[in-house]
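To start, the structure under review is shown below, and the notes come after it.
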Amino acid sequence: MKRRDLATWGGITLGAIGAGLAIKSFLPQRFMSPAPWHEQKVQAPTLDTSTMPQIDVAFLRCGSVTIPECIAVRGAFSLAPRTIAYSGVLIRHPQATFLYDTGLSYDIHTYIADTSLLFRKTLGSFLFVQSINSHLAHAGMTSHDLQFALLSHLHWDHVSGIPDLPGVPLRINRVEYEAAKLGLLDSNGGLVRRLMGNNPIELFDCAGPTYEGFRSSLDLFGDGSIILVPLPGHTPGQVGMFINRSNGPRLFLLGDAAWINENYLRPATMHPFIWSAVTADDATARQTLIDLHLFALQHPEVSLIGMHDANMQEHFMAIEQAGMSRAKAT
Ligand SMILES: [Zn+2]
């Protein structure tokens, strides 16, 4: 065979392999055989929350980006637009008013301006909606009314509201903070370190007993109402938060363990191109998705909501606001 023919066939073969890999990346990924999951589809006993305190919860959307469903969920053969939200959660417990994650500050773009062009055009590109400070003002509050902000993990988009919250203590899982000091704090031109500023840092450990099938826990106020559990993989020390209350349904905030609910319902990761860019440990993160999948099957009464899941957050807020107006009317 002539050299030119060889080059042509080589090119065609490489192209075919490349196209094959590209197509494969959109196909569903096998997690484990479905049989054992089916056996687990038994509703577990529901927690009696009648003696829990009243806790108000509000998702505060600060920004968003729209992506095709096949990017948010691997194996979803759909280009339907899905909204990825950038939110903080305002939680009003009798013992403390605090945030779970911090949304975006009003000057977030000045922080992002110092990152690479690639970052600004990909992960750092979003539509700004409203700053966390402006949301607090709308609720008749300032950052001084917050006792602390608890961070699900230390990716930039979860700490981006901190410049609006000067002096507010940051509660961080020790595992997450120690791991971030090895690289994450200083990546993208030190973006996370700059966003965290001089706010005091209060480290905690999820060193309590297993909780709802998760390996360990921390009962934040000692009353069983706010329980933190490790959801590792996306980052080493990511924490989810159960909210058990008497004035509304149980909630489970997932950080970024799932972007949208299909990720734990199927379960399925995001498209591998994004998943590999944002995931610290692939195998651990997929195990966490399986844990969430099993929990969701056994607890249909609990709302599992990811911090980027615009649909679920809107749905929750609609029910929450209807409940509040009902309570006011009676
Ligand atoms: Zn995120």
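Below is a table of values for the structure above.
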| item | result |
| --- | --- |
| Odd one out for Val73, checked against (1) within 15 Å of Asp256 (Cβ to Cβ); (2) in contact with a strand residue (DSSP E or B) (Cβ under 7 Å, 6 or more places away or on another chain) | (2) |
| Only listed residue being among the small types (Gly, Ala, Ser) and touching a Leu at 6+ places or on another chain (Cβ under 6 Å), chosen from Ala310, Ala277, Ala296 | Ala296 |
| Hits in the stretch 290-310 - residues which are part of a loop (DSSP other than H, G, I, E, B) and surrounded by fewer than 21 Cβ atoms within 10 Å (Cβ to Cβ) | His299, Pro300, Glu301, Val302 |
| Residue list for the stretch 77-111, restricted to those being within 16 Å of the ligand (Cβ to nearest atom), of a type outside the set (Asp, Glu) and closer than 23 Å to Pro169 by Cα | Tyr86, Ser87, Gly88, Val89, Leu99, Tyr100, Thr102, Gly103, Leu104, Ser105, Ile108, Tyr111 |
| Test: residue in the stretch 195-207 that is open to solvent by 30 Å² or more (accessible area, probe 1.4 Å) and under 16 Å from Val89 (Cα atoms) | no |
| Selection within the stretch 135-170 - away from the ligand (no atom under 16 Å from the Cβ), in contact with a strand residue (DSSP E or B) (Cβ under 7 Å, 6 or more places away or on another chain) and assigned to a helix (DSSP H, G or I) | His135, Asp145 |
| Tally of residues being among the hydroxyl-bearing types (Ser, Thr, Tyr), more than 13 Å from the ligand (Cβ to nearest atom) and either closer than 18 Å to Glu176 by Cβ or open to solvent by 20 Å² or more (accessible area, probe 1.4 Å) (or both) across the stretch 250-289 | 3 |
| Any chance Gly240 is touching a Gly at 6+ places or on another chain (Cβ under 7 Å), of a type outside the set (Ser, Thr, Tyr), modelled with pLDDT of 95 or more and open to solvent by less than 10 Å² (accessible area, probe 1.4 Å) | yes |
| Filtered residue count, the stretch 41-73, keeping only those that are assigned to a strand (DSSP E or B) and within 24 Å of Val89 (Cβ to Cβ) | 12 |
| Residue that is nearest to Ile91 (Cα to Cα) [pool: residues in the stretch 111-145 that are open to solvent by less than 10 Å² (accessible area, probe 1.4 Å) and of a type in the set (A, V, I, L, M, F, W, C)] | Leu136 |
| Qualifying residue in the stretch 91-101 (condition: closer than 20 Å to Ser64 by Cα, of a type in the set (Val, Ile, Thr) and either at pLDDT 95 or above or within 17 Å of the chain's Cα centre (by Cα) (or both)) | no |
| Any chance Asn188 is open to solvent by 50 Å² or more (accessible area, probe 1.4 Å) and within 16 Å of the ligand (Cβ to nearest atom) | yes |
| Any hit, the stretch 91-110, residues being over 30 Å from Leu220 (Cα atoms), in contact with a Lys or Arg (Cβ under 9 Å, 6 or more places away or on another chain) and either polar (S, T, N, Q) or open to solvent by 40 Å² or more (accessible area, probe 1.4 Å) (or both) | no |
| Complete set of residues in the stretch 66-79 that are open to solvent by less than 40 Å² (accessible area, probe 1.4 Å) and either among the hydroxyl-bearing types (Ser, Thr, Tyr) or over 15 Å from Arg266 (Cβ atoms) (or both) | Ile67, Ser78 |
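Each row is one residue, and each column tells you yes or no for (1) more than 27 Å from Thr110 (Cα to Cα); (2) without any contact (Cβ under 8 Å) to a residue 12 or more places away in the chain; (3) within 20 Å of the chain's Cα centre (by Cα).
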position: Lys181; (1), (2), (3): no, yes, no
position: Ser187; (1), (2), (3): no, yes, yes
position: Leu195; (1), (2), (3): no, no, yes
position: Cys206; (1), (2), (3): yes, no, yes
position: Gly224; (1), (2), (3): yes, no, no
position: Leu228; (1), (2), (3): yes, no, yes
position: Gln238; (1), (2), (3): no, no, yes
position: Arg245; (1), (2), (3): yes, no, no
position: Leu253; (1), (2), (3): yes, no, yes
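The values are calculated or read from the model by the stated rules, or taken from the named source; none is laboratory data. In this text, all values refer to a predicted model and were calculated from it rather than measured experimentally. Quick reminder, even Gly has a Cβ in these numbers, built from the backbone with ideal geometry, and neighbours come from all protein chains shown. Ligands, DNA and RNA are excluded from the accessible area calculation, which covers all protein heavy atoms including side chains. Shrake-Rupley method; radii C 1.70, N 1.55, O 1.52, S 1.80 Å.
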